[in-house]
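**Student:** Once you've had a glance at the structure underneath, I'll fire off some questions.
The values are calculated or read from the model by the stated rules, or taken from the named source; none is laboratory data. Since the model is a prediction, treat every value here as computed from it, not as a measurement. Ideal geometry is used to build each Cβ from the backbone, glycine not excepted, and the neighbour counts take in all protein chains shown.
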Amino acid sequence: MTILTLLIPVTLVMGAVGLGAFFWSLHSGQYEDLSGDAERILFDEDDKPLAAYPPGHSGTTKEKTP
Amino acid sequence: MMSNLTRAERANAMVIAGTGAFIGLVMAAAGRGDPMGAHGWIVLAFCGALFFVVGSAYEDPEPTQDRTASYYDDPTKVGILIALFWAVVGMGMGVWVASQLAWPDLRFDAAWSSFGRIRPVHTSGVIFGFGGNALIATSFHIMQRTCRARMPDQVTPWFVLLGFNLFCIVASSGYLMGVTQSKEYAEPEWYADLWLVVVWVVYFVLYIRTLARRNEPHIYVANWYYLAFILVVAVLHIVNNLAVPASLTGAKSYSAFAGVQDAMTQWWYGHNAVAFFLTSGFLGMLYYFLPKRAERPIYSYRLSILSFWGITFFYIWAGSHHLHYTALPHWVQTLGMTFSVMLLVPSWASAGNALMTLNGAWHKVRDDATLRFMMVAAVFYGLSTFEGSFMAIRPVNGLSHYTDWTVGHVHAGAMGWVALISFGSIYALAPVLWRRETIYSWKAVEWHFWLALAGTVIYVFAMWNSGITQGLMWRTYTESGTLAYSFTDTLVAMHPYYVARTFGGLLFLIGACIGAWNVVMTIRRMPSETPERDYPTSSESREPALPAAE
Amino acid sequence: MRVISEKHDRKVRPAPSGPVTRAERSASVRPAANGHGVCLISVPNISCGACVARIERALIDCPGVVAARANLTLRQVRVTLTDANTDPSPGYEALAALGYTARPLDPSDTEPASAQQDGPDLLRCIAVAGFGAMNVMLLSVAVWSGAEATTRDTFHLISALIAVPVVAYAGQPFFRSALVVLRGGRLNMDVPIALAVLLALALSLSELLQGGDHVFFDAAVTLLFFLLTGRYLDQLMRDRARSAVTGLARLSPKGAMARGPDGSLEWIALHAVAKGMILHIDAGERVPVDVRILHGDTDLDRSLVTGEAMPVAASPGTELEAGTLNLTGGIEVEVLRPVAESFLAEMMRMLSAAETSRSTYVRIADRAARLYAPVVHLLAVATFAGWLLVTGDWQVSAFVAISVLIITCPCALGLAVPVAQVVAAGRLMRSGILMKDGSALERLAQIDRAVFDKTGTLTTGTPMVTSCFEGEAEQREASKALAMQSRHPAAQAIAAHLPEVACEVADAVEVPGFGVEGRVHGRRARLGRARWVAEIAADPQAATGPAFAFEGAPALSFDLSETLRPGAVDTISDMQSSGIPVTMLSGDDAARVAQVAETLGIAEAHHGMTPARKVGVLEDLRDRGHRALMVGDGLNDTAALAAAHVSMAPSTAADAGRTAADFVFLRDGLDAVATAQDVARATARVVRQNFGLAIAYNCIAIPLAVAGLVTPLIAALAMSASSILVIGNSLRLNGKRAAAPLQSVERGPVAIPA
């Protein structure tokens, strides 16, 4: 099964990319408030993008007005 | 539509369309006398039409309002409509293909209409045409809403959507001309594959760019599912389609792999296409639209993230179960079998998570057909993943493989899960996109739901029966040790099931047509009366998670 | 698509202490990147997504706020301000207007426990171990399924290349812990784990080099993965409870407003408060250190200090302990003792003394490990010796001995306790009970005595009107109007009791220590202490409770009393009928204590208890071999909470009390105690079952391993199966339905003379 010499490295690389993505998400605080984040997609009284939040900070910002 | 583009963007779009038209012209010239030449004319026509459409609106006034204050929904809208168009075409082809099995005369003695040519038009039409466009359109919607940011520019989404559809057109027109690599779900030839790589990379970059400009710090789990869909499909597509063209002026190419190596690569691709095209992306859809429509957060958000990583890791090696009892080494088969069985855990975690989200809101499921589409989709997802794990066990596969049972299994997933979640999402999305209060007719949604459900159940049961009958007939021996039934005997036994299958498919097709009509009517005019129940009524049943923090 | 329901009807209880000073809020703003300021606000009553949306929406509209993000899990809000000098007060006011309790949060309170340990984060270890386990398992399955010759050797090599770095990275938590324990000459669960993992890896490497058949890379890595998962769950549980507890309103002030020589007021940090300083304490603030009043009259709530529920009047010369709540009037005070010598500090010293006496408790898993580890190691050595004697082949012997170690590796044992406790913690949390750590659950299951504090624990600590004058609509309206002018608990009780609509009141003045005076319909009226009201009333004789009168008209009086916590009666009677005698300890006077004891049917009640005597009672119980549960809320209970075998406190308890208690219940009803006890017992049962399962598994597996019949495949399968069995058994704890918490007062108030 020489094909495995291709498929195994490809899979390992994809796994490593996944691991890297997980490490990034952990580092960037993606899992700090899971219960809150599950709720957040339900807020949409105004179907508009938010203004860019200040760099280095996060949170609800003032809404964009057209 | 053009009014949302600046003049510079229109110019960019014209350059891209013009380049495409030029490539089409080159293909047409170089591939004279070969199907590639015909494809060149198709590309030229497609890009030329786009060039003309953009060009004729070039002098129109530019957008005046601040575009960053709204989401860019035009590509989503067009994507939804194209998806519905492909649904009708692909499913119509499916009904025709199914009818040919029951009544072979329906081939009408033409080469292009033979079973082997129109079957891939059906599979590619529903998977890539309908499914792919629905995924691209919903991903545009979801990534903007969950990031609370507009897409980074206006031309790229059009490039992705229309480029993907150009691929779909080239692919299905090629099948009718007999152009195929003979690889399941990877039939298109080398130039179409190359084009898809370009489109797909641009799609991935667009997604990452949108995420990078997000105003909501958290990346909602649906985005992870979509990203896995895009990224892994790109890798699979590239590896499986490594091929050497016989000549640069013709469609024919030869795979870089041979024999069982090629088969292994093909099913490594094929099963992961099921995982990452037909599962991961649609789970992203489920994880966004189901909570949204039910107005409840997902039951366990943590579990949805965990099952994401589970699915990503477990699926990779399951593909070899497609090659049980072949020249593939025994241990590779066992490996595929083991991982297919383990795959049940994350799959059921997702299905259970979806159903538990609805637990406590069953009255909404009862009243709202849109939500019911999603609920039944989750049930079929659970059923077909269980069936899949079961069928991957070698002895079971000994009975099921090469029979209609496999076809039944695929359709339980494709109709019950993929199509129902897509229709549910489209019904939830259409009123939001076109700023309507509700869908045009909730009664039509009900009709669609029951037609789709009945069609799926009839189809799947017919194929289970036919598959098991077929499998048992093939392995029945007489006392003298010869086969008891000839192949023709089995076909006679299959006939009633093939008729039933056609009927089931027809019901499903009628449902899809009603759905397409309903969406078009939603866009065209407002309902004459306010529907009683298209929308979930209230959020009264939202129990507090924690009883007392006062 | 969705409109957030406006009928957010969750009952919002006012903060146990008054509002925080503006200065204290400002002091909590920290400078951040880009010149912005950031402050963390604890909002304990964020309870759903709608709250998150509402809070963020309200904050973003406040002046000076750039961004706001509420964290539903930690119940905190992070507010970004235009710069570090921006006053965050409008944000606090917006939160208060929505009915949320908001307090500045010290960033040091929110450090998770994991940040203190060195080495990589557990979750990172799990991710790496999971990645390794998946890939090594994949290769192993291939080998088990019959991959032979070069393919097998290649797969073994790839496995080794994955496993070695993975173990080196993800095994660190175990290696470190084992090293620390071994240096101290002791044993814990991590020693056999670390040994098994390292030996499996070493043996596999040597097999690999010799081209042998059996490698254990998969076992080593999956073992790590499972054990890390168990450890992570344990940590998750503790972190979550910790963040919830620190998120509750903090009661002890972090500083005070000092009056400078020039008469100006300046906020100073608590540690800088020195003896002899003059402080200004506003109405609604808590006294930070022990002080004597110089100017001003007021009413004091000393319930957290003395356990006495009813406010007392205070005037110049009165000495106040740290922790007293100033209710009605601003006062100028002189500092008697620096912070380190205050009443609060004294309590802290007693607390730490009591805590050291309790630290002798050994967790059930460690008790098991003490027994288990030597047995396993001896067994492995014996196996090695036995095989060496019989076969004379040291390599085979080592292989079998290591199989014994791996298969007996306490995978299931490592999961038996944490999984059960995490499931139990989740269930308790859904019932509004926070658990500090798993050992508390073990201890709660063992109790045979219960000791309750009275005020704030058996009773709610707030007064309630039991009877008032009837008819007299005009007087009732006026009473309500005047009552609404004050934050005195008696006034608030009166305002809450009267259903009438308050009428207009003019020139309202609160006279601290006496009551409220104002003009209603042009007539002078007073609501307050009976004797003070009688000064303007027609009849000079004074009632006992608070009274109301129009000038020249007869005085009308209210009767106030303490209310029992909902569920108190049932909880006490259930405990006593299940064979747990209940004792009541109170700093209150004999009459009130006797009355409550009688109502609740408590035989043994002690009155006039000082903090030291409370500890004495608990130490006495312990010396007599009893395991007592202490339930209390006040500062005066803190040491007793720590001295008890296990303790609980309501969320309204003093800061120190909540910190000392093992459980904190967020719900009103005392039935939380019974719920927690039920869950604790069920958990103890499940833990015993889990140990039983793990031991039964070992009884079957060890003979096989000793006989040399275990291949890596069987080892891996058996290990996973036993772990899954243990997890499945623990999940049964979730099946029991949590009782709905009592929210309303179920029994009427007990008439206790106020």
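**Student:** Do you know which of the residues in segment B:365-376 that are assigned to a helix (DSSP H, G or I) and in contact with a Pro (Cβ under 8 Å, 6 or more places away or on another chain) is nearest to B:Ile311 (Cα to Cα)?
**Tutor:** B:Leu371
**Student:** Is it the case that some residue within segment B:293-307 is at pLDDT 90 or above, buried (at least 22 other Cβ atoms within 10 Å of the Cβ) and among the hydroxyl-bearing types (Ser, Thr, Tyr)?
**Tutor:** yes
**Student:** Given the conditions (1) at pLDDT below 80; (2) facing chain C (nearest Cβ under 10 Å); (3) closer than 22 Å to C:Ile162 by Cα, which single one is not true for A:Leu19?
**Tutor:** (1)
**Student:** Being of a type in the set (A, V, I, L, M, F, W, C) and modelled with pLDDT under 95 is the requirement here; does B:Cys147 meet it?
**Tutor:** Here the answer is yes, as B:Cys147 does meet what is asked.
**Student:** Can you confirm whether B:Tyr220 is buried (at least 22 other Cβ atoms within 10 Å of the Cβ), within 14 Å of chain A (Cβ to nearest Cβ) and at pLDDT 95 or above?
**Tutor:** Judged against the criteria, B:Tyr220 is not a match.
**Student:** Given the conditions (1) touching a Cys at 6+ places or on another chain (Cβ under 8 Å); (2) of a type in the set (A, V, I, L, M, F, W, C); (3) not in a helix (DSSP H, G or I), and given that B:Ala110 satisfies all but one, which numbered condition is not satisfied?
**Tutor:** (1)
**Student:** Here are B:Thr338, B:Thr334: which of them is under 12 Å from B:Arg394 (Cβ atoms), in contact with a Ser or Thr (Cβ under 7 Å, 6 or more places away or on another chain), at the interface with another protein chain (Cβ under 10 Å from one of its Cβ atoms) and at pLDDT below 90?
**Tutor:** B:Thr334
**Student:** Assess whether B:Leu231 counts as being buried (at least 19 other Cβ atoms within 10 Å of the Cβ), modelled with pLDDT of 90 or more and more than 13 Å from every other protein chain (Cβ to nearest Cβ).
**Tutor:** Answer is no for this residue.
**Student:** Which fully enclosed strands (runs of 3 or more DSSP E) of segment C:496-545 have 1 or more residues being at pLDDT below 80?
**Tutor:** Because the criterion is at least 1 residues that are at pLDDT below 80, the strands (runs of 3 or more DSSP E) in segment C:496-545 that meet it are C:506-511.
**Student:** Now for a separate question. Go through segment B:390-447 and tell me which helices (runs of 4 or more DSSP H), entirely inside it, have 3 or more residues that are among the aliphatic types (A, V, I, L, M).
**Tutor:** Fully inside segment B:390-447 and qualifying: B:420-433.
**Student:** Can you work out which of the residues in segment B:264-293 that are of a type in the set (A, V, I, L, M) and more than 10 Å from chain A (Cβ to nearest Cβ) is farthest from B:Val232 (Cα to Cα)?
**Tutor:** The extreme case among them is B:Leu290.
For (1) more than 41 Å from the chain's Cα centre (by Cα); (2) hydroxyl-bearing (Ser, Thr, Tyr); (3) away from chain B (no Cβ under 13 Å); (4) on the phi > 0 side of the Ramachandran plot, each residue gets a yes or a no:
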| position | (1), (2), (3), (4) |
| --- | --- |
| C:Ala127 | no, no, no, no |
| C:Phe131 | no, no, no, no |
| C:Met134 | no, no, no, no |
| C:Val141 | yes, no, no, no |
| C:Trp144 | yes, no, no, no |
| C:Ala147 | yes, no, no, no |
| C:Thr150 | yes, yes, no, no |
| C:Gly171 | no, no, yes, no |
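**Student:** Given (1) over 30 Å from A:Asp37 (Cα atoms); (2) away from chain C (no Cβ under 14 Å), where does B:His321 come up short, assuming only one miss?
**Tutor:** (2)
**Student:** If you go through segment B:332-364, how many residues are surrounded by 20 or more Cβ atoms within 10 Å (Cβ to Cβ), in a helix (DSSP H, G or I) and either in contact with a Phe, Trp or Tyr (Cβ under 7 Å, 6 or more places away or on another chain) or not basic (Lys, Arg) (or both)?
**Tutor:** Residues in segment B:332-364 being surrounded by 20 or more Cβ atoms within 10 Å (Cβ to Cβ), in a helix (DSSP H, G or I) and either in contact with a Phe, Trp or Tyr (Cβ under 7 Å, 6 or more places away or on another chain) or not basic (Lys, Arg) (or both): 17 in total.
**Student:** All but one of (1) part of a helix (DSSP H, G or I); (2) in contact (Cβ under 8 Å) with a residue 60 or more places away in the chain; (3) of a type in the set (Val, Ile, Thr) hold for B:Val379, so report the exception by its number.
**Tutor:** (2)
**Student:** Please determine whether any residue of segment A:39-46 is modelled with pLDDT of 80 or more, part of a helix (DSSP H, G or I) and either exposed (fewer than 15 other Cβ atoms within 10 Å of the Cβ) or within 10 Å of chain C (Cβ to nearest Cβ) (or both).
**Tutor:** Yes, because at least one residue in segment A:39-46 is modelled with pLDDT of 80 or more, part of a helix (DSSP H, G or I) and either exposed (fewer than 15 other Cβ atoms within 10 Å of the Cβ) or within 10 Å of chain C (Cβ to nearest Cβ) (or both).
**Student:** Can you tell me how many residues in segment B:406-449 are aromatic (Phe, Trp, Tyr) and within 21 Å of the chain's Cα centre (by Cα)?
**Tutor:** Matching residues across segment B:406-449 total 4.
**Student:** Another question about this same structure. Scan segment B:128-136 and give yes if some residue there is on the phi < 0 side of the Ramachandran plot, within 14 Å of chain A (Cβ to nearest Cβ), in a helix (DSSP H, G or I) and modelled with pLDDT of 95 or more, otherwise no.
**Tutor:** Among the residues of segment B:128-136, not one is on the phi < 0 side of the Ramachandran plot, within 14 Å of chain A (Cβ to nearest Cβ), in a helix (DSSP H, G or I) and modelled with pLDDT of 95 or more, which makes the answer no.
**Student:** Another one. Counting only residues that are more than 19 Å from B:Val233 (Cβ to Cβ) and β-branched (Val, Ile, Thr), how many does segment A:1-21 have?
**Tutor:** Going through segment A:1-21 one residue at a time, the tally reaches 4.
**Student:** Looking at the structure I just gave you, is B:Arg145 of a type in the set (D, E, K, R), more than 19 Å from B:Leu231 (Cα to Cα), assigned to a helix (DSSP H, G or I) and within 14 Å of chain A (Cβ to nearest Cβ)?
**Tutor:** yes
**Student:** Identify, by number, the condition in (1) modelled with pLDDT under 85; (2) not in a loop (DSSP other than H, G, I, E, B) that C:Asp620 doesn't meet.
**Tutor:** (1)
**Student:** Something else about it: C:Leu81 versus (1) facing another protein chain (nearest Cβ under 9 Å); (2) more than 14 Å from C:Ala94 (Cα to Cα); (3) surrounded by 20 or more Cβ atoms within 10 Å (Cβ to Cβ): which is the lone unmet condition?
**Tutor:** All conditions are met except number (1).
**Student:** Given the structure, is B:Thr210 under 30 Å from A:Lys48 (Cα atoms) and either over 18 Å from the mean Cα position of the chain (by Cα) or not in a loop (DSSP other than H, G, I, E, B) (or both)?
**Tutor:** So B:Thr210 passes the test.
**Student:** Moving on to the next point. Go through the residues of segment B:294-311 one by one and say whether even a single one is away from chain C (no Cβ under 14 Å) and more than 23 Å from A:Val17 (Cβ to Cβ).
**Tutor:** No: zero hits.
**Student:** How many residues does segment C:24-45 contain that are of a type in the set (S, T, N, Q) and under 26 Å from the mean Cα position of the chain (by Cα)?
**Tutor:** Total meeting the criteria: 3.
**Student:** Continuing with this model, one more query. Within segment B:43-91, can you find the residues that are under 30 Å from B:Phe503 (Cβ atoms) and surrounded by 22 or more Cβ atoms within 10 Å (Cβ to Cβ)?
**Tutor:** B:Ile80, B:Ile82, B:Ala83, B:Leu84, B:Trp86, B:Ala87, B:Gly90, B:Met91
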